[in-house]
Amino acid sequence: MRTYDKFYINGEWVEPIGKGSSEVINPATGEVSARVPYGNSEDVDAAVSAAKKAFESWSRTSAAERAEFLRKLAAEGEKRNADLTQTIIDELGMPIQNAATFQVDPLTIICESFAEKAAQMEKTKEVGNSIVVKEPIGVCAMINPWNYPIWQMIGKVAPAIAAGCTMVVKAASQTPSHLFIFAEMCDAVGLPPGVFNMIHGSGREIGGALSSHPDVDMVTFTGSTAAGVQVSNSAAPDVKRVCLELGGKSPFIITEEADLDAAMEFGIKDVMVNTGQTCNALTRMIVHDSKYDEAVELARSNAEALIVGDPTDPGVFVGPMSSAEQKQTVLDYINQAISEGARLVTGGADMPSGLTRGNYVAPTVFADVTNDMTIAQEEVFGPVLVMIKYSTIDQAIEIANDTPYGLASAVWAGDKDKATAIARRIRAGQCAINGGDPNHEAPFGGYKESGNGREFGIEGLHEYCELKELQY
Ligand code: NAP
């Protein structure tokens, strides 16, 4: 079991002012996997004050100096890869088969990516008699979710370091340990005191105190749309910049000309990886009616072929849900879908066969779903796919756009040009074309209620910048 009892503030491990503590439960075994301190708003004050003080000198460092720290963090990430991967298995329950690749390896890749981009901060633009320069926005509060905790954290911390910002970071209560390890990494590379500060505690208390703190210049939040709205409200009185990365209910349009075998294999793995706890999971499959029955059968066979169980077993693809509460939420959605008339193709609310403990939910597929059903509109955040029929492309696009969300999407058509033409009509920040791969260099973020910011790529750096016009 991991035990931490201090926060990392101003380059030192300090006793928390708030005296609470929290236990992290391993979702596969129900055993305690970590014990961590739970601070209060006074800890927030101490961390923000350190970040504010550090901003004075850190914001004036050269881009080359900041890039060097990011390269050192990238190297340190490789050294700590095994420790970080273990936290993902123990706290999130993501199987070892995917934990490092999806969750931990990106840390090094993203640090190196923003080390390259830091020099952009020193590029200027001439506009008539003006020169436009970039400056770091200031003290950033960063609040992260539990489903891709390291990826989300480094997607904020690395561009903020590159830009010359200072920061206070909070992890989700379910997955805190990686952030204590990351603080050790910042210490190991000698990041100047106060640039990176970490505290921990309840989202409502610590998250609220961070979002409303008068000395915080920007809040960057990844999590549910409901909590994102609360963060925006808390940040509004002093007009902080707010960057939100929120939930999704992403559509996957499969046309009648698509390579159905390839599309179904891609679609099922996309939904079931990380046990469906992926913000951009393609959870609404919209299939041409001429291919629908065949697609439903392929969805069933692909879902049933996935091995569910102990995340430490290298053969397992689907682990437990992250918590007992999350499992109950998913089971409630499954039962509601059945009561609203969706046809259960495979999976369902029973414990997957052969398992007697842990927060497991079987990979579940629903057919005969209409887009007005709850299961088609709300983010389930579990291993649940809904399959909807369409007969014309216009109708498919209308269904795709008919939710409050707009995070991601996918199209599989006869060729890339046809798929791209459909993709351009979908109101979402991302579209995978005929099985396109993820790309850490491209901007990631949502339309509509899925958010208002972009992470990764040069656009991810620009979120942390102010622009200043010098007139001559
Ligand atoms: P969540 O319950 O909204 O929590 C996210 C973070 O916010 C946690 O650190 C949480 O702390 C904190 N928090 C909770 N209430 C808060 C409040 N009132 N003020 C400030 N902070 C607060 O979300 P989650 O269950 O961890 O994550 C799942 C959600 O994140 C899904 O909707 C998913 O789609 C979304 N997500 C989006 C993206 C994206 O890039 N668009 C990426 C990943 C996940 P505690 O843990 O202590 O409660």
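Tabulated data
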read-out: Single match in Ala428, Ala376 (criterion: crowded, with 17+ Cβ neighbours inside 10 Å, assigned to a helix (DSSP H, G or I) and touching a strand residue (DSSP E or B) at 6+ places or on another chain (Cβ under 8 Å)); value: Ala376
read-out: Check on Ala158, in contact with a His (Cβ under 9 Å, 6 or more places away or on another chain), assigned by TED's automatic domain parsing to the domain that holds Ile25 and surrounded by 22 or more Cβ atoms within 10 Å (Cβ to Cβ); value: no
read-out: Qualifying residue in the range 134-150 (condition: of a type outside the set (Phe, Trp, Tyr), touching a Lys or Arg at 6+ places or on another chain (Cβ under 7 Å), surrounded by fewer than 23 Cβ atoms within 10 Å (Cβ to Cβ) and touching a residue at least 60 places away in the same chain (Cβ under 8 Å)); value: yes
read-out: Scan of the range 399-432 for residues that are hydroxyl-bearing (Ser, Thr, Tyr), closer than 15 Å to Tyr447 by Cβ and out of contact with any Pro (no Cβ under 6 Å at 6 or more places or on another chain), ordered by number; value: Thr403, Tyr405
read-out: Considering residues of the range 104-133 that are among the β-branched types (Val, Ile, Thr) and touching a residue at least 60 places away in the same chain (Cβ under 8 Å) only, the residue surrounded by the most Cβ atoms within 10 Å (Cβ to Cβ); value: Ile110
read-out: The range 305-325: number of residues that are surrounded by fewer than 24 Cβ atoms within 10 Å (Cβ to Cβ) and of a type outside the set (A, V, I, L, M); value: 9
read-out: Every pair of residues 6+ apart whose Cβ atoms lie under 9 Å, when the first sits in the range 80-102 and is among the basic types (Lys, Arg) while the second is modelled with pLDDT of 95 or more and assigned to a helix (DSSP H, G or I); value: Arg80/Val104; Arg80/Leu107; Arg80/Ile181; Arg80/Phe182; Arg80/Glu184; Arg80/Met185; Arg80/Ala188
read-out: Test: Asp261 is more than 10 Å from the ligand (Cβ to nearest atom), assigned by TED's automatic domain parsing to the domain that holds Ala376, surrounded by 19 or more Cβ atoms within 10 Å (Cβ to Cβ) and part of a helix (DSSP H, G or I); value: no
read-out: Residue pairs meeting the criteria (Cβ under 7 Å; at least 6 apart or on separate chains; first in the same structural domain as Gly164 (by TED's automatic domain parsing), in the range 62-73; second among the aromatic types (Phe, Trp, Tyr) and surrounded by 21 or more Cβ atoms within 10 Å (Cβ to Cβ)); value: Leu70/Phe114
read-out: Cβ-Cβ under 7 Å pairs, at least 6 apart or on other chains, the range 180-204 side under 16 Å from Arg66 (Cα atoms) and in the same structural domain as Phe69 (by TED's automatic domain parsing), far side within 15 Å of the ligand (Cβ to nearest atom) and assigned to a helix (DSSP H, G or I); value: Phe196/Val157
read-out: Qualifying residues in the range 164-191 (those that are of a type in the set (Gly, Ala, Ser) and closer than 18 Å to Gly77 by Cα) - the one farthest from the ligand (Cβ to nearest atom); value: Gly190
read-out: Candidate set from the range 447-466 (those that are in contact with an Asp or Glu (Cβ under 8 Å, 6 or more places away or on another chain) and either within 14 Å of Thr124 (Cβ to Cβ) or in a strand (DSSP E or B) (or both)); member that is farthest from the ligand (Cβ to nearest atom); value: Glu466
read-out: Evaluation of Arg66 against (1) surrounded by fewer than 20 Cβ atoms within 10 Å (Cβ to Cβ); (2) among the basic types (Lys, Arg); (3) within 27 Å of Pro106 (Cα to Cα) (one fails), failing number; value: (1)
read-out: Contacts under 6 angstrom Cβ, first residue in the range 1-20 being in the same structural domain as Val36 (by TED's automatic domain parsing), partner aliphatic (A, V, I, L, M) and assigned to a loop (DSSP other than H, G, I, E, B), 6 or more apart; value: Phe7/Ile199
read-out: Lone qualifier among Thr278, Thr329 - being under 18 Å from the mean Cα position of the chain (by Cα), within 16 Å of the ligand (Cβ to nearest atom), outside the structural domain of Tyr148 (by TED's automatic domain parsing) and surrounded by fewer than 22 Cβ atoms within 10 Å (Cβ to Cβ); value: Thr278
read-out: Of residues in the range 192-245 being touching a Phe, Trp or Tyr at 6+ places or on another chain (Cβ under 8 Å) and assigned to a loop (DSSP other than H, G, I, E, B), the one nearest to the ligand (Cβ to nearest atom); value: Ser202
read-out: Members of the range 163-188 that are outside any helix (DSSP H, G or I) and among the aliphatic types (A, V, I, L, M); value: Met167, Val168, Val169, Ala171, Ala172
read-out: Verdict on Ala160 being more than 10 Å from the ligand (Cβ to nearest atom) and assigned to a helix (DSSP H, G or I); value: yes
read-out: Residue in the range 352-361 that is under 21 Å from Ile268 (Cβ atoms) and touching a Phe, Trp or Tyr at 6+ places or on another chain (Cβ under 6 Å) present; value: yes
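The values are calculated or read from the model by the stated rules, or taken from the named source; none is laboratory data. Since the structure is predicted, the reported quantities are computational estimates derived from the model, not experimental observations. Ideal geometry is used to build each Cβ from the backbone, glycine not excepted, and the neighbour counts take in all protein chains shown.
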